[in-house]
Ligand SMILES: [Fe+2]
Ligand SMILES: [Fe+2]
């Protein structure tokens, strides 16, 4: 599903914003729910879900929890499990792409509407979905062979895909400090009440209650977004006792009759209204997050981005390290280094909107594929600017493909628009990309990458930053490389 309101903003008529970097860091007060609710938009991208999906799941899931009298002690775990249930999803994108030979995001979004527990009895809509998404552009025989192969291996593939997602999701939840209950809830998201789910085939009350609530909430939003609330309730009833805990279905029925289940969380509602409703339900203490926890969250989302493609494994973490090294060589104050590191960790979060069929493509990209690539910095900016304390992080991260001579994208900013912090991240990104392997080439040695980069200094890349990079990489002054710079 496209994200029209995000993409509309990427039009050419946007004014070029001038960056004004504060002398001192701005107010950094931020609560856990504020940052996680904003970052949940990035997870919606990974699954090609309608924007605000995680927020709506959170609202509905918490209402169901109220209806069944979930103990207060479990509410925090449920709240964050609902917002972060898709945090492991990027880890199976590349594998999904190779299975289908097409767009992983489109297949994931379509599959959510299918009953995939009966591979021996595929529905007409499931076959149609596979036919549309499998090896697009190939001939009928290759398509038919791929669809048949997918059908024959579906059970094994389902288990593999969901195992990857659940294990990774639970791991990142722990890294985020969300605790074992929330982590295990994410692991159990795709288990079914009758034992036909994945990855462990757990059954009934053996499935964590929080997982069961997340599963119902997820289903309600996916179906409501695509087919409306009555259809969502109808499939919920039809799958009660099979996919879903009947007591939770009954609780959802009660709320639906009272007209409170979908309140403020229809896909047509303003997402900021939905988000405010989610923030009001925050069961936490609203305390300001310590800086170390904010860094941990940035690192965890960097992991989510890096897990999307085997070719960008550790790219965000690598860019952050290079950027910090440059910043230290430039002797920037600690607060600016922290700002640069967070922006570097999150710079490619908008890439979650790009199918692996494009990211991992071996050949030349088409015009449409380049358009999709060029949108990702704008999406990064859009997601991060939902966090007021991340205003500068959003601005700098969103400029990581801009160049000093205006040849970058998406806004074609020029030197006067780009702060030192932006220039550091741009250089760190391009240097890291050159030294990493890609589907079409192996990574360059550091010296070879610096030699190539020197040709773009100072026209596209900042000379001070480049000299600092050379110093940090070689431990020496920059004469070897700057000798080619005029
Ligand atoms: Fe990028
Ligand atoms: Fe990047």
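The values are calculated or read from the model by the stated rules, or taken from the named source; none is laboratory data. These numbers were taken from a predicted model, which means no experiment stands behind them. We place every Cβ from the backbone using ideal geometry, glycine too, and count neighbours over all the protein chains shown.
Data table
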{"read-out": "Tally of residues being part of a loop (DSSP other than H, G, I, E, B) and closer than 14 Å to residue 162 by Cα across region 192-222", "value": "8"}
{"read-out": "Enumerated helices (runs of 4 or more DSSP H) restricted to region 310-397, each holding at least 2 residues that are over 19 Å from the mean Cα position of the chain (by Cα) and within 20 Å of residue 465 (Cβ to Cβ)", "value": "315-329, 334-346"}
{"read-out": "Only listed residue being at pLDDT 95 or above and either closer than 14 Å to residue 218 by Cβ or under 21 Å from the mean Cα position of the chain (by Cα) (or both), chosen from 32, 84, 43", "value": "84"}
{"read-out": "Of all residues in region 282-320 being out of contact with any helix residue (DSSP H, G or I) (no Cβ under 8 Å at 6 or more places or on another chain) and touching a residue at least 24 places away in the same chain (Cβ under 8 Å), the one that is farthest from ligand 1 (Cβ to nearest atom)", "value": "287"}
{"read-out": "Breaking point among (1) modelled with pLDDT of 75 or more; (2) over 21 Å from the mean Cα position of the chain (by Cα), for residue 164", "value": "(2)"}
{"read-out": "Filter result for residue 48 (surrounded by fewer than 24 Cβ atoms within 10 Å (Cβ to Cβ), at pLDDT 70 or above and not assigned by TED's automatic domain parsing to the domain that holds residue 300)", "value": "yes"}
{"read-out": "Of all residues in region 404-440 being within 13 Å of ligand 1 (Cβ to nearest atom) and in a loop (DSSP other than H, G, I, E, B), the one that is modelled with the lowest pLDDT", "value": "436"}
{"read-out": "Conditions (1) touching a residue at least 24 places away in the same chain (Cβ under 8 Å); (2) more than 16 Å from ligand 2 (Cβ to nearest atom); (3) buried (at least 16 other Cβ atoms within 10 Å of the Cβ); (4) over 18 Å from residue 302 (Cβ atoms); number of the one not met by residue 375", "value": "(2)"}
{"read-out": "Residues of region 235-267 classified as in a loop (DSSP other than H, G, I, E, B) and either more than 19 Å from residue 208 (Cβ to Cβ) or not assigned by TED's automatic domain parsing to the domain that holds residue 192 (or both), total", "value": "10"}
{"read-out": "Residues satisfying the stated conditions in region 420-448, i.e. more than 16 Å from ligand 2 (Cβ to nearest atom) and in contact with a helix residue (DSSP H, G or I) (Cβ under 7 Å, 6 or more places away or on another chain)", "value": "446"}
{"read-out": "Residue 296 over 30 Å from residue 474 (Cβ atoms) and more than 18 Å from the chain's Cα centre (by Cα)", "value": "no"}
{"read-out": "Out of 470, 457, sole residue that is part of a loop (DSSP other than H, G, I, E, B) and over 23 Å from residue 295 (Cα atoms)", "value": "457"}
{"read-out": "The one condition in (1) surrounded by 18 or more Cβ atoms within 10 Å (Cβ to Cβ); (2) more than 23 Å from residue 39 (Cβ to Cβ); (3) within 16 Å of ligand 2 (Cβ to nearest atom) that residue 332 fails to fulfil", "value": "(3)"}
{"read-out": "All positions within region 244-266 that are buried (at least 16 other Cβ atoms within 10 Å of the Cβ) and touching a strand residue (DSSP E or B) at 6+ places or on another chain (Cβ under 6 Å)", "value": "249"}
